[in-house]
Structures are given as structure tokens and as C-alpha cells.
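Remarks on the structure that follows.
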Amino acid sequence: MEPVDLRRLRWRCRRGMLENDLVLARFIDRHGAGLDQAGLAALDALLALPDPVLWELVSGRRECDDPRLAGVLALLRGA
């Protein structure tokens, strides 16, 4: 991923909920450059969720029903 694309992705990851902001920023720092198209699509789907739902998934309070999101969600949980 090009540096400009990574900056755009980082901007898209900005959220209204501090907890999500922190996790997403660490995720982008660690894994952003290595995301493939499937990973980007999964991240895009997760970013479309409302903040409380995203946080419940990231924190493990809720399980994800979509297996396509599982890989990126595991990386987010590790961040």
C-alpha cells in the first residue's frame, strides 16, 4: 500500500469513540501496509458499523457472524 493510501485509510479510521480510535490507530500502524483487497474490504465493512457495535466486536463482547470479517477482527483485537 502506498503511503498516501495508508494516510487516507488512517483518516477513514477516525471515530467518535476514543476506544475505537486507539485500537484502529494501532491496527493501522501494525497491519495497514500489509492489508490485501480482502482485508481492506473487511475493514471497510467494519468501519461501516456504528461505534458501539464496532467496539463490542473489537472488545470481544459480541461475536462476529460474518466469517469474512474474522481475520481483520482478530488483528484488531490483538492491536
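Residues in region 22-38 that are surrounded by 14 or more Cβ atoms within 10 Å (Cβ to Cβ) and under 16 Å from Glu56 (Cβ atoms): how many?
Residues in region 22-38 being surrounded by 14 or more Cβ atoms within 10 Å (Cβ to Cβ) and under 16 Å from Glu56 (Cβ atoms): 2 in total.
What is the number of the single condition among (1) exposed (fewer than 14 other Cβ atoms within 10 Å of the Cβ); (2) outside any helix (DSSP H, G or I) that Cys64 does not meet?
Unmet condition: (1).
I'm trying to understand the selection: among the residues of region 45-54, which are free of Cβ contacts under 8 Å to residues at least 24 places away in the same chain and assigned to a helix (DSSP H, G or I)?
Val53
Can you tell which of Leu18, Leu9, Leu57 is loosely packed, with under 12 Cβ neighbours inside 10 Å, more than 9 Å from the chain's Cα centre (by Cα) and among the hydrophobic types (A, V, I, L, M, F, W, C)?
On inspection, the qualifying residue turns out to be Leu18.
Among (1) closer than 16 Å to Ala74 by Cβ; (2) out of contact with any Cys (no Cβ under 7 Å at 6 or more places or on another chain), where does Leu18 come up short?
With respect to (1) closer than 16 Å to Ala74 by Cβ; (2) out of contact with any Cys (no Cβ under 7 Å at 6 or more places or on another chain), Leu18 is out only on (1).
Being assigned to a helix (DSSP H, G or I) and touching a helix residue (DSSP H, G or I) at 6+ places or on another chain (Cβ under 7 Å) is the filter; apply it to region 1-24 and report the residue that is modelled with the lowest pLDDT.
Filtering region 1-24 for residues that are assigned to a helix (DSSP H, G or I) and touching a helix residue (DSSP H, G or I) at 6+ places or on another chain (Cβ under 7 Å), the one modelled with the lowest pLDDT comes out as Leu6.
Need pairs with beta-carbon distance below 9 Å; first residue in contact (Cβ under 8 Å) with a residue 40 or more places away in the chain and within region 1-21, second among the polar types (S, T, N, Q); sequence gap 6+ or separate chains.
Short answer, once both residue conditions are applied: Glu19/Ser59.
The values are calculated or read from the model by the stated rules, or taken from the named source; none is laboratory data. In this text the structure is predicted, and so the values were computed from the model without any measurement. All Cβ positions, even for glycine, are placed from backbone atoms using ideal geometry, and neighbour counts span all protein chains on display.
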